[in-house]
Amino acid sequence: KQQALQDIRTSRPVTKDGEEIELFANIEVPDDCILSIENGATGVGLFRSEFLFLSESDLPTEEEQFLAYKQVAEAMKGQPVIIRTVDLGKDKIPKWQQERETPNPALGLTGIRLCMAEPQMFRTQLRALLRASAYGKIKLLLPMLSYVGEVRQTRKHLEEAKAQLREDHIAFDENIELGGMIEVPAAAVQVAQFLAHLDFISIGTNDLIQYTLAVDRNDDSVSHLYDPLHPAVIQLLHHVISTANRLGKPVSMCGEMAGDPALTRLLLGLGLRRFSMLPIQLLKVKQEILTGQMQKIKPLVEKMLVAEDSQCLRELLQQLHQDD
Ligand code: PEP
Ligand code: MG
């Protein structure tokens, strides 16, 4: 099986009946690009920028950030690199934030909210990202969106950062794309309104599941209730993916569901065509794509959409993986 996986390293991810899929990598540090390319990723679907903010006691400088982003842009040689603006709070609390009182970190000052509260920090990151965009195909991704206004405000910051760079005669990509994570149920429900202001979206299933089901999977007393196959999760995913497809806007998934080969066909059936995952999962997911057939997948996924509970969904999921 390992050999078989190696054999498909360079083959394009296409279903048996010709549906083209894109496979991207999730990375945490610039050096992860090596493993991503080795495993056939044709871009970075999620570069978590937190490592820059967690390792030191001070905030990273614009120059430090610029060098890290540029390194990834160059390593990927013009292929898309989606860099997420810093997503702190929740499980990742840097030293300079630890004094803040946080009754419930998961519902507190996380992701884009912290960026709105710390505009100086956000502006420094946007400048570093813009400067790095002169060296490859960088796209920006905003974490933990729950209000459309957060995108509008980000656009203002971005325009101001661009104006500064122009004034300083520093090169950047004028057409840099701005995307948003769909990982809070409010954003999933309102995805059409978000898409009016965004160039693309990426679904973060890790958080979307936790907030939809009100379950922390790191809490042993409830972790058994954390279930990607809860019908409410599947219906939300369907709503998000089909809305984006209908509006002609790119939608990808970068949460762990995207890297689980047991769920690949379900996601294909929901209309997903762009997957981003840990580099080590890429070939396993590609194998599911190469052996999958949309004609067979679609009717089964239609049934899954009206399933009453996750037990029904699991039975149908098994059928999705029979017959080839
Ligand atoms: C997610 O929530 O699915 C996601 C990709 O973001 P993170 O795991 O970094 O919270
Ligand atoms: Mg998340």
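Summary of values
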quantity	calculated
When the convex hull of its Cα atoms is projected in every direction, mean area for the chain (nm²)	16.7 nm²
Estimated dipole of the range 1-128 in Debye, rounded to 20 [Cβ of Lys and Arg +1, of Asp and Glu -1, Cα centre]	220 debye
For the range 58-68, Karplus couplings with θ = phi - 60° (6.51, -1.76, 1.60), whole Hz, Gly/Pro x	9, 5, x, 7, 4, 5, 4, 5, 3, 5, 5
Estimated 222 nm signal from helices in the chain, with DSSP H stretches of n ≥ 4 weighted -39500 (n - 2.57), rounded to 500	-13000 deg cm²/dmol
Percent RCO, i.e. relative contact order, over the chain, from Cα pairs under 8 Å lying at least 6 residues apart	20 percent
Given Lys249/Lys298; Lys249/Lys303; Lys90/Lys286; Lys77/Lys162; Lys249/Lys284, the pairs whose alpha carbons are separated by over 29 Å	Lys90/Lys286
Shape of the range 64-222, Cα gyration tensor, a/c cut at 1.5	prolate
Unit charges at the beta carbon, dipole of the range 158-263: most positive-side option, Gly248, His197, Ser221	Gly248
Over the range 109-246, relative contact order from alpha-carbon pairs under 8 Å, at least 6 apart, %	21 percent
Nearest-ten-degree value, helix 282-291 long axis tilted from longest Cα axis of the chain	40 degrees
C-alpha long axis of helix 148-167 to longest principal axis of the chain, angle in °	50 degrees
Selection from Gly136, Gln125, Val72, by position along the positive dipole direction of the chain (Cβ)	Gly136
Cα centroid of the range 218-252 to Cα centroid of the range 167-194, whole Å	20 Å
Hz values of 3J(HN,Hα) by residue in the range 73-80 - Karplus curve (6.51, -1.76, 1.60), Gly and Pro given as x	4, 6, 4, 8, 6, x, 6, x
Qualifying aspartates and glutamates (Cα of each under 15 Å from Cα of Lys296; at least 8 residues distant if same chain)	Asp17, Glu19, Glu288, Asp323, Asp324
Cβ crowding within 10 Å averaged over residues, with 116-127, 168-179 ranked highest first	116-127, 168-179
Net charge, Leu165 excluded, C-beta distance under 9 Å - Lys, Arg +1, Asp, Glu -1	+2
Under 5 Å, built H, 5+ apart or other chain: amide partners of Gly40	none
Ranked packing of 19-25, 253-259, most packed first, by mean Cβ within 10 Å	253-259, 19-25
Test item: Cα-centred dipole of the chain, Lys/Arg +1 and Asp/Glu -1 on Cβ, debye	840 debye
Rounded tilt (10° steps) of 294-304 against the dominant C-alpha axis of the chain	90 degrees
Whole-number percent relative contact order across the range 77-170, with pairs defined as alpha carbons under 8 Å at least 6 apart	38 percent
Per-peptide average of other Cβ atoms within 10 Å, ordering 302-308, 188-194 highest first	188-194, 302-308
Cβ-based net charge around Ala232, under 12 Å, with every Lys or Arg adding one and every Asp or Glu removing one	-3
Sum of side-chain charges, Arg273 neighbourhood, beta-carbon under 9 Å (Lys, Arg +1; Asp, Glu -1)	-2
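Bear in mind that the values in this text are calculations on the coordinates, not laboratory data. If you're wondering where the values come from, they're calculated on a predicted model, not measured in any experiment. Glycine gets a Cβ as well: all are built from the backbone with ideal geometry, and neighbour counts include every protein chain shown.
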